[in-house]
Amino acid sequence: MNFDLSEEHELLRRTVRDFAEERIAPVAEELDREHRFPYEIVAELAELGLMGIPIPEEYGGGGGDTLSYTLAIEELTRIDSSVAITVAAHTSLGTMPIFLFGNEEQKREWLPELASGQKLAAFGLTEPDAGSDAGATRTTAELRDGKWVVNGSKIFITNAGTDISACVTITAKTGDEEISNLIVPNGTEGYEISTPMRKMGWNAADTRELSFRDCAVPEGNLLGERGAGYRQFLEILDGGRISIGAMGLGLAQGAYELAASYARERQQFGQPISKFQAVQFKLADMATEIEAGRGLVYKAAWLKDQGRPFAQAAAMAKLYTGELAHRVANQSLQIHGGYGYMDEYPISRLYRDQKVLEIGEGTNEVQRLVIARHLGF
């Protein structure tokens, strides 16, 4: 059993870490405060080849494996979750359905711009009344004269409304007991995108509500077989949970590093607070749990790369690191004391950004259900 990363993986990690520290860290607080989408940073990530890491080079991607993608998301989240979720949602949720289930014509049409990062893609699954119960979707698509006519709405959708958004893949009922996935290009008549939603965290990420009113798309925009949508989005969510696990891991690492640095600098009772056992124990617990989380996340990525079943491992990684990030961010803020409650300290942003990791792409409760079913219960 070899726990060392390859030279290629180490190079990728260093490249993303350096970029995050040099380009994202100086502006992360400003982007968060102004709720401003990081267009310039996304463009630079595209130039580095980081917007389509697991997509083959023939379609404009990086041709990397899942572990490479995981490392990149971890390092981005260590500095800023808004940038990380922009990349993760675009790759795992927006682009991956077209790569996995699209025909060759669809791949050639959409993937080069998406995988290269010239354009962004979104995935429309959640609805106002269909969250954890994703199968309860009410959005419909009726085939009329060679076109799918879509009616319904989606909510909490990432990357759908930016100036560089190209399309959203949505789940829709194409029959009484039938769910399918359809590509809806931005600018299609009847497809309306709300103003950005106000959030507790991820303030620089694009989050919108989408509505479809007699929105007609070509029959050829169906992804895969008609009626295969439920199976398709479950597969997409399994893969997406690895990236969200990487986000939980990266946020925990970032929060730990902030706490450790602050503890060495902050003086109380004539010495740095890092000298006090109470603080040392908190830091020791954080570091231990982060190592455990890293093992879960990397194992899930490795299993996927080996072509082996990974759904249970992905759910475990996502569940554990979401709760890990919560614990570490909370203890890090506690070590910062009153200063940590001030927005000019990065831990305040990490604390707010963390919570959605326990909700998005399957709540903690759903993850436990998934794990229990894989265990045979």
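The values are calculated or read from the model by the stated rules, or taken from the named source; none is laboratory data. What you see is a predicted model, and the numbers here were worked out from it, not measured in a lab. Every residue, glycine as well, gets a Cβ built from its backbone with ideal geometry; the counts of neighbours run over all protein chains shown.
Computed quantities for the displayed model
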{"read-out": "First in region 364-377 and more than 13 Å from Ala313 (Cα to Cα), second anywhere and in a loop (DSSP other than H, G, I, E, B) and of a type in the set (Gly, Ala, Ser), Cβ under 6 Å, 6 or more apart", "value": "Val366/Ser132"}
{"read-out": "Residues that are of a type in the set (Phe, Trp, Tyr) and more than 30 Å from Glu44 (Cβ to Cβ), drawn from region 125-173", "value": "Trp148"}
{"read-out": "Enumeration of residues in region 42-54 that are assigned to a loop (DSSP other than H, G, I, E, B), hydrophobic (A, V, I, L, M, F, W, C) and crowded, with 19+ Cβ neighbours inside 10 Å", "value": "Leu50, Met51, Ile53"}
{"read-out": "Residue within region 186-202 that is surrounded by fewer than 19 Cβ atoms within 10 Å (Cβ to Cβ), of a type in the set (Asp, Glu) and touching a residue at least 24 places away in the same chain (Cβ under 8 Å) present", "value": "yes"}
{"read-out": "Leading residue by the ranking (surrounded by the fewest Cβ atoms within 10 Å (Cβ to Cβ)) among those in region 145-183 that are more than 20 Å from the chain's Cα centre (by Cα) and of a type in the set (Asp, Glu)", "value": "Asp176"}
{"read-out": "Output for region 332-368, where each listed residue is polar (S, T, N, Q) and buried (at least 21 other Cβ atoms within 10 Å of the Cβ)", "value": "Ser332, Gln354, Gln367"}
{"read-out": "Set Glu142, Glu57, Glu75, Glu105: member being free of Cβ contacts under 8 Å to residues at least 24 places away in the same chain, out of contact with any Asp or Glu (no Cβ under 6 Å at 6 or more places or on another chain) and either surrounded by 20 or more Cβ atoms within 10 Å (Cβ to Cβ) or not assigned by TED's automatic domain parsing to the domain that holds Glu291 (or both)", "value": "Glu57"}
{"read-out": "Matching option when the condition is within 28 Å of Arg198 (Cβ to Cβ), within 17 Å of the chain's Cα centre (by Cα) and not polar (S, T, N, Q), among Glu74, Glu44, Glu40", "value": "Glu74"}
